[in-house]
1. Residue by residue, what Karplus-based ³J(HN,Hα) values in Hz, rounded to whole numbers, does segment 107-112 have, using 6.51, -1.76 and 1.60 with θ = phi - 60° and x for Gly and Pro?
2. Would you mind calculating the gained length between residue 122 and residue 181 on full extension (0.36 nm times residue separation, minus the Cα-Cα distance), in nm to one decimal?
3. Rounded to the nearest 500 deg cm²/dmol, what is the calculated helix-only ellipticity per residue at 222 nm for the chain, with -39500 (n - 2.57) per DSSP H run of length n ≥ 4?
4. Taking the Cα centre of the chain as origin, sum charge times position over the Cβ atoms of Lys and Arg (+1) and Asp and Glu (-1), and report the length of that vector in debye to the nearest 20.
5. At 4 °C and 1.567 mPa s, what whole-number value in µm²/s does Stokes-Einstein give for the translational diffusion of the chain, with Rh from the Kirkwood sum over Cα pairs?
6. Compute the signed sum of charges (Lys and Arg +1, Asp and Glu -1) over the other residues within less than 13 Å, Cβ to Cβ, of residue 122.
7. Here are some pairs, 120/219; 34/103; 34/215; 43/215; which of them have Cα atoms lying more than 19 Å apart in this structure?
8. With unit charges on the beta carbons (Lys and Arg positive, Asp and Glu negative) and the dipole taken about the Cα centre of segment 86-222, which residue among 97, 166, 118 sits farthest to the positive side?
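Every number in this text was worked out from the coordinates using simple rules, so none of it is lab data. Bear in mind that the values here come from a model prediction, so they are computed numbers and not experimental data. We place every Cβ from the backbone using ideal geometry, glycine too, and count neighbours over all the protein chains shown.
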Amino acid sequence: MKARSPIQGAYDQWSATYDTQINPTRDLDALALKSLLPDTAGKTIIEIGCGTGKNTLWLAPRCARLVALDFSTGMLRVASEKVRQPHVHFVQADIRSPFPLIKGLGDVVMINLVLEHIEKLTPVLEHAAAQMAPGAVLIISEYHPDRLITGRGARIERDGEEPIWVGSYRHPLAEFESAIESAGLKIEDRREWFEHQLPEPPPSGDTRPLLITYKSFQKAKG
């Protein structure tokens with residue numbers, strides 16, 4: 001049996017309050033997803049990093065099948081209680097290893113707020129690409145590396161106590177893009193997302209981008 005990682009344990013702990021705490025990163029990710037998602041009617045979505053079902057609930061009525069992955073037992077427990085549609089399947093998985101799914105299953109493969117916690121990006125992107133059906137799209141939404149320069153990143157806020165910082169790796173944008181290309185994918189869209197795009201922006205006044213998103217397709221063979 002594999003030992004549990006500190007990051008996994010942190011997210012298990014966070015699952016109890018993740019949905020109720022103020023979290024601009026979570027909320028901006030949901031906004032970005034709604035902007036980037038193509039028409040998925042009748043299609044299969046693979047959601048990597050489903051967490052508490054923060055996006056799963058919105059995605060479920062928009063597809064024929066939804067496979068939602070996360071490595072946190074606590075997060076999956078909350079998500080499975082929230083989203084009970086029969087076409088939605090929750091799978092616990094460590095995405096640093098090949099996914100426990102049929103290859104070529106997904107018409108849309110999504111990675112949300114996960115890669116910050118991954119040391120080596122290329123294997124994960126290769127595993128994700130293996131899940132893409134012909135003509136599928138990969139959507140990545142991640143914490144912007146410019147925020148990690150100053151020691152920011154995922155953290156668990158606690159009333160009256162210091163927050164718990166979840167372990168993060170800073171990957172420059174060039175590293176993201178190299179990993180995407182190495183996985184045999186072509187970037188069609190790259191966007192930076194800012195706090196001021198939220199309906200109710202936080203009062204931090206931070207003008208740096210909060211998220212980076214990529215939309216990629218398989219390279220044409222020839």
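1. 7, 10, 10, 10, 10, 10
2. Details: separation 59, 0.36 × 59 = 21.24 nm, distance 0.90 nm.
Extending this stretch completely gives an extra 20.3 nm.
3. Working: 7 runs with 60 residues, N = 222.
Value at 222 nm, helices only, nearest 500: -7500 deg cm²/dmol.
4. 720 debye
5. Details: Rh = 17.7 Å.
D, rounded to a whole number, is 73 µm²/s.
6. So the environment of residue 122 carries a net charge of -3.
7. Over 19 Å apart, Cα to Cα: 120/219; 34/103.
8. 97
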